[in-house]
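Have a look at the structure below, then the notes.
The values are calculated or read from the model by the stated rules, or taken from the named source; none is laboratory data. This one's a predicted model, so the numbers in the text were calculated from it and none came from an experiment. We place every Cβ from the backbone using ideal geometry, glycine too, and count neighbours over all the protein chains shown. Only protein heavy atoms, including side chains, enter the accessible area calculation; ligands, DNA and RNA are left aside. Shrake-Rupley method; radii C 1.70, N 1.55, O 1.52, S 1.80 Å.
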Amino acid sequence: MNDLYLLDLQGNNFSGMLPKFSKVTQLYILKVSENRLEGKLPRSLAECTQLEVLDVGNNKMNDTFPFWLEKLPYLTVLILRENRFYGQIKHRFVFPTLDVLDIASNQFSGELSIDFLQATRLRSLKIGGNKLEGKLSRSLANCKALEVLDLGNNMVRDTFPFWLEKLPSLKVLILRGNRFYGTITKFNTERGFPKLRILDIASNNFSGDLSIEFLQSLKAMMQLTNDDKAKLDYIGENYYQDSVTIFNKGIKLFYEKILTTLTCLDLSNNSFHGRIPEEIQMLRSLKVLNLSYNSFSGEIPVAVQNLKDLESLDLSQNELSGKIPPQLTTLTFLEALNFSYNPLEGSIPQGNQFSTFSNDSYRGNPKLCGQPLSKKCNEDGLPVPPPPGEEEQSWLYAMSTWKIVLIGYGSGLVAGLCIGYTVLNELGNKWVDKFKKHGKRNRRRSR
């Protein structure tokens, strides 16, 4: 065992505790992820002075953060994700050679010390899915090599981190599911984010208009790539390739590898309002655009037609009005579309990808008509009114579902009205879902 330099036991059913490693001092790669290991990290790992990669992710290990691993002079990758590590991270964090730190989906808590991070070579930092709070540590600005920063699903309360523009290599930024707040306007548009291709700030408390300065700062999203000629390349190195979870095409998707051409902007479930600016067309390389669950108003900008690479477009649960621009049928890569629950009107454009979308894409828009809806349009592109008497019949039918129970009590009479609620039309559906939406948002913000 003295000469053992690589031990890879990933994806098995090993259980119990890790053994001592004091006799395998030449070990430089240890991967035991996706097992059923428990207990603490053996302190004897500190004697493996050649160790470069330590991956114990997806187990049941229960320990505090292993600061004692700082003694390892060559440690490059440290993965503790999806275990039961716990406690605060207050100690100054000095891993001079660390390239990847993944402690996501554990039980770390407390505020991040303002100077906790001194690992200036860090390229990928994933601390999402914990119970971290307070402000985002400004010491992250020291990590000039940082490409991936994922701190989603914590309790961080801060304004938008404009100062991350100082990171010239940042490609993925996930702030989803925290308590960030305020407007997003103060950008240095000359610097911006030159390489940022995935930005997810969904489910926070951001507000205000979607500013043109913000869109102009997303430099990498403006650069169109030819996927046919582009080299199939992923974010990461040979010894570790990054993964990410994003909401794409209406569902939560886990990407084991991140293509460098994947471009995503998710601003959903915030409090943005005002018009969607025409300048959205500047982000020509976008493949995923999600602006749902906000309060955007006005018409859908025709300029969206210029996002030729768009594969998923979600504008649902807003206050968008007017007609759906027929020019959007030129988006021939579009696989998922959601315009539901907006006061849109008129005929639904036909042709190309629009022929593939179902009723769900337009639910909660009572003034829309045409395929795939059963409601037909007249010559003016407006919904055909129902035949005489149909509205009255439908109202009587709805009333028939109300069950009135009279309960006698003493000498008086108490009338108890037990209502079996029936959704009367699409507009009813809309307000029910709006109520659910605000209820969920209020519960999230009060957690």
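In segment 84-111, of all residues being charged (D, E, K, R) and outside any strand (DSSP E or B), the one that is farthest from Gly128 (Cα to Cα) corresponds to Arg92.
The set of residues in segment 341-378 being among the small types (Gly, Ala, Ser), open to solvent by less than 20 Å² (accessible area, probe 1.4 Å) and more than 21 Å from Lys287 (Cβ to Cβ) consists of Gly346, Gly364, Gly370.
The residue that is most open to solvent (accessible area, probe 1.4 Å), among those in segment 81-95 that are more than 10 Å from Thr64 (Cβ to Cβ), at pLDDT 85 or above and not polar (S, T, N, Q), is Arg84.
Among the conditions (1) buried (at least 16 other Cβ atoms within 10 Å of the Cβ); (2) farther than 29 Å from Lys23 by Cβ, the only one that Thr120 does not satisfy is (1).
Can you find even one residue in segment 234-241 that is of a type in the set (Gly, Ala, Ser), at pLDDT below 95 and under 28 Å from Ile103 (Cα atoms)? Yes, segment 234-241 contains a residue that is of a type in the set (Gly, Ala, Ser), at pLDDT below 95 and under 28 Å from Ile103 (Cα atoms).
Matching residues to (1) closer than 19 Å to Ile103 by Cα; (2) of a type outside the set (Asp, Glu); (3) not in a loop (DSSP other than H, G, I, E, B):
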position	(1), (2), (3)
Lys144	no, yes, no
Glu165	no, no, yes
Pro168	no, yes, no
Arg176	yes, yes, no
Lys195	no, yes, no
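Do we have any residue at all in segment 289-300 that's open to solvent by 30 Å² or more (accessible area, probe 1.4 Å) and of a type in the set (D, E, K, R)? Yes, some residue in segment 289-300 is open to solvent by 30 Å² or more (accessible area, probe 1.4 Å) and of a type in the set (D, E, K, R). Taking the listed residues Asn342, Asn306, Asn318, the one that is out of contact with any Pro (no Cβ under 9 Å at 6 or more places or on another chain) and more than 27 Å from Asn204 (Cα to Cα) is Asn306, with no other qualifying.
Out of Thr263, Thr245, Thr225, one residue alone is open to solvent by less than 20 Å² (accessible area, probe 1.4 Å) and either touching a strand residue (DSSP E or B) at 6+ places or on another chain (Cβ under 9 Å) or in contact (Cβ under 8 Å) with a residue 40 or more places away in the chain (or both). It is Thr263. Residues in segment 20-42 that are open to solvent by 80 Å² or more (accessible area, probe 1.4 Å), in contact with a Phe, Trp or Tyr (Cβ under 8 Å, 6 or more places away or on another chain) and modelled with pLDDT of 95 or more: Arg36 alone. Among the conditions (1) without any contact (Cβ under 8 Å) to a residue 24 or more places away in the chain; (2) farther than 24 Å from Gln241 by Cβ, Leu18 misses just one, which is (1). Could you check segment 192-207 and list, in sequence order, the residues that are on the phi > 0 side of the Ramachandran plot and open to solvent by less than 10 Å² (accessible area, probe 1.4 Å)? The answer is Gly192, and nothing else.
Scanning segment 144-170 for residues that are in contact (Cβ under 8 Å) with a residue 24 or more places away in the chain and open to solvent by 50 Å² or more (accessible area, probe 1.4 Å) yields Lys144, Asn153, Met155, Arg157, Lys166, Pro168.
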